[in-house]
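Undergrad: Dropping the structure in here first, questions after.
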Amino acid sequence: MSGKVNVKSISFGTVDAEADRKLAEYFIKTNKVNDVLDLKSAHVIGRKGAGKSSMFTQLPRLIAERYGRKTRVSLMTPDQYAWGALREYTEQGLLPEQAHTNAWKFTIAIDAASAILEIDRSSFDDLELEAIRKIEKFLSSNFGAEAPTPTSTARRLLKGLSSFNIEAFGFGVGFEREKQEQNLTPEIIDQLLDVTSKACRTHGVIVATDRLDDSWDGSDISKSLLVGLLKATKEINDKYSEADGTGLRVLTFLRSDIYQVLHFDDKDKHRSVEDEIVWSPDELKEMVNARLPSDVTVDAIFEKGDMRGSISPFNYIVKRTFLRPREVIQFLQECQRRCSREDTEISKDVIREAEERYSTWKVEDLKQEYRRVFADFSEVLEALRQTQHRYDSIDDFIATLESKIPEICSKHGARELLKKLFDASIIGVRLGNAGTARYRCEDPDLLLPATGSVYIHQSLYRGLSIRETRAS
């Protein structure tokens, strides 16, 4: 039998993974986490608040538990200075995407090489030790006693080959003089990656990158830089990684809305190495349970009985999220804030009161989430304000958009706006007036159908003053 606890005393954790000092205590391994730990993925994508950064910060511990000390994880979060330097990198005769791919491969190789030196050498064989000596010579000659960072590496790249001492790889002074005016060459990149991989014959290094949206501005050069990273990630993994955790592997954590607007040749070849983070209601319940005292369950912190629509209080909250942990925590914390100091359960009235503020947050959060990938997103979202929660057909919904934002519909096409709202799960579709409305946040493989009734997501009802209407 579950106990009771004062609601105010519960800690649901923070909505910011980097600031949550207890995250390791209640981090749960979902199916998606285990998929990533199987090392078959290259790109871990997910919406804002879906748990990318939580997985990223816990990766060193999770990999150590799975593969032991033979595999080391290096967490790389390029700051605005590294981003700025990498943006500027160009190579004569190459398209920006390829130049950025080379720059990322070199930056990742430097990071991986530095990480290898932190592994206990007593377990290395002679061939690995020989490679490590070359790595040590290269890094000490070029970066001194300081460990290289993405920023220091990127800034050196801008100066060309003349700024690097590459004698550790068998290239002499003559080579440097001959090439001193040139940028990075594939020959040097391959030398560094090859010697790094030789040091990983019986060990492994995983370079994981995150926080890539911090300096993202939606420009063509930003897109080129991220495409370069995706290509570098796959190229390194294809050539140097092993399924048992040895070798050199790269994991790129990226927001799905940004990933969707990146268009490049051979993107279809990356589909097999994508892993999109999706949560089920049961996994979200497990996530909250893990944060509660051991003798308390999720259902015990709510008033007994169902909410309107014959749904339990917790499922009522989940239905008003896009199935992201951050949203569930936000909603629960707002409920908690409205409880008195004596309350041992969250009442249904408190849930309904909290929904008002939470829904307003969701409207504003969506505007912030999509503003850099689609400049007119706020206006499209606001077009739904004070409208109805369902439409008998897609054509009826499009007619509403055309009447409220005709210029934006003319600029982008009403069907394209419909797709953007559908991709963001702001709207869902019910096929053939059967079953329930389905949203992409529940199933990322869901495609926008040609026909069907359209529903606004319940998380936005209060924030957009949506009125609920009966079906025709």
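Undergrad: Separation of the stretch 231-283 and the stretch 399-415 by C-alpha centroid, Å?
TA: After rounding, the separation between the Cα centres reads 35 Å.
Undergrad: How big is the Kirkwood radius of the chain, worked out from every pair of different alpha carbons and given in Å to one decimal?
TA: 24.7 Å
Undergrad: Continuing with the same structure: Where Lys and Arg each count +1 and Asp and Glu each count -1, what net charge lies around residue 14 among other residues with Cβ under 11 Å from its Cβ?
TA: Taking every Cβ under 11 Å from that of residue 14, the sum is +1.
Undergrad: Shape of the stretch 301-349 from its Cα gyration tensor (a ≥ b ≥ c, root eigenvalues): rounded if a/c is under 1.5, otherwise prolate when a/b > b/c, or oblate?
TA: Taking the square roots of the gyration eigenvalues as a ≥ b ≥ c, the stretch 301-349 is oblate.
Undergrad: Moving on to the next point. What size of dipole, in debye to the nearest 20, comes out for the stretch 326-370 about its Cα centre when the only charges are +1 on Lys and Arg C-beta atoms and -1 on Asp and Glu C-beta atoms?
TA: The calculation lands at about 60 debye.
Undergrad: On a full-extension model of 0.36 nm per residue, what is the gain between residue 261 and residue 147, subtracting their alpha-carbon distance, rounded to one decimal in nm?
TA: Full-extension gain reported as 37.6 nm.
Undergrad: For the stretch 269-330, compute Rh as the Kirkwood radius over C-alpha pairs and then the Stokes-Einstein diffusion coefficient at 10 °C and 1.306 mPa s; write the answer in µm²/s, rounded to an integer.
TA: In µm²/s, the coefficient is 120.
Undergrad: Under the rule of -39500 (n - 2.57) per DSSP H run of 4 or more residues, summed and divided by the residues of the chain, what mean residue ellipticity at 222 nm is obtained, to the nearest 500 deg cm²/dmol?
TA: For the chain, the value works out to -14000 deg cm²/dmol.
Undergrad: May I ask you to evaluate 6.51 cos²θ - 1.76 cosθ + 1.60, the Karplus curve with θ = phi - 60°, for each residue of the stretch 206-219 and list the ³J(HN,Hα) values in order in whole Hz, giving x for glycine and proline?
TA: Once rounded to whole Hz, the list reads 10, 9, 10, 10, 8, 6, 6, 8, 4, 10, 6, 10, x, 6.
Undergrad: Mind checking the angle between helix 348-370 and the chain's longest principal axis? C-alpha axes, 0 to 90 degrees, to the nearest 10.
TA: Helix 348-370 sits at roughly 40 degrees to that axis.
Undergrad: May I have the pair-distance distribution P(r) for the stretch 319-419, computed from all Cα-Cα distances with 5 Å bins from 0 and rounded to whole percent?
TA: 2, 11, 18, 17, 16, 13, 9, 7, 4, 2, 1, 0
Undergrad: Next question, about the same structure. Using Cα atoms only, what is the angle between the long axis of helix 220-240 and the major principal axis of the chain, expressed in degrees (0 to 90) to the nearest 10?
TA: So the helix axis and the longest Cα principal axis differ by about 70 degrees.
Undergrad: Where does the Debye-calculated log10 I(q)/I(0) of the stretch 1-146 sit at q = 0.09, 0.12, 0.16 Å⁻¹, using only Cα point scatterers of equal weight, no solvent?
TA: Values, matching the q order: -0.45, -0.75, -1.16.
Undergrad: Counting Lys +1, Arg +1, Asp -1, Glu -1, what net charge surrounds residue 228 among other residues with beta carbon under 14 Å of its beta carbon?
TA: Counting the neighbours of residue 228, the net charge comes to -1.
Undergrad: Please state the charge dipole magnitude for the stretch 372-472, taken about the Cα centre, from unit charges on C-beta atoms (+1 on K and R, -1 on D and E), reported in debye and rounded to the nearest 20.
TA: 220 debye
Undergrad: Next up: Can you give the Kirkwood hydrodynamic radius for the stretch 355-472, in Å, rounded to one decimal and based on Cα pairs?
TA: It is 14.3 Å.
Undergrad: Using the alpha-carbon atoms, what tilt in degrees (0 to 90, nearest 10) does helix 52-67 show relative to the longest principal axis of the chain?
TA: The answer is roughly 60 degrees.
Undergrad: Put +1 on the Cβ of every Lys and Arg and -1 on every Asp and Glu Cβ in the chain; which of 333, 37, 437 then has its Cα farthest towards the positive end of the dipole?
TA: 333
Undergrad: In addition: Under a point-charge model restricted to the Cβ atoms of Lys and Arg (+1) and Asp and Glu (-1), what is the dipole moment magnitude of the stretch 214-372 relative to its Cα centre, in debye to the nearest 20?
TA: The dipole of the stretch 214-372 has a size of about 360 debye.
Undergrad: Continuing with the same structure: Across the stretch 286-299, in residue order, what do the Karplus-derived ³J(HN,Hα) couplings come to in whole Hz, using 6.51 cos²θ - 1.76 cosθ + 1.60 with θ = phi - 60° and x for Gly and Pro?
TA: Once θ is set to phi - 60°, the couplings for the stretch 286-299 become 5, 4, 6, 4, 5, 8, 8, x, 4, 9, 10, 10, 4, 4 Hz.
Undergrad: Further question: Restricting things to alpha carbons, tell me how big the stretch 180-251 is in terms of Rg and Dmax, in Å.
TA: In Å, with Rg to one decimal and Dmax whole: 14.4, 42.
Undergrad: Further question: For residue 247, enumerate residues with amide H under 5 Å from its amide H, sequence gap 5+ or separate chain, H modeled in the peptide plane.
TA: The answer is 203, 204, 205.
Undergrad: Give the calculated FRET efficiency between residue 92 and residue 165 to the nearest 0.05, with a Förster radius of 22 Å applied to their Cβ-Cβ distance.
TA: With a Förster radius of 22 Å, E is 0.45.
Undergrad: Further, regarding this structure: Along the stretch 320-334, what does the Karplus equation 6.51 cos²θ - 1.76 cosθ + 1.60 (θ = phi - 60°) give for ³J(HN,Hα), rounded to whole Hz, x for Gly and Pro?
TA: 9, 10, 9, 6, 10, x, 4, 5, 4, 5, 4, 4, 4, 5, 5
Undergrad: Turning to a different aspect of this structure: Which residues' amide hydrogens lie under 5 Å from the amide hydrogen of residue 76, considering only partners 5 or more residues apart or on another chain, with H built in the peptide plane?
TA: 208, 209, 210
FYI, it's all coordinate maths here, none of it is from the lab. None of these values were measured; they are calculated from a predicted model. Every residue, glycine as well, gets a Cβ built from its backbone with ideal geometry; the counts of neighbours run over all protein chains shown.
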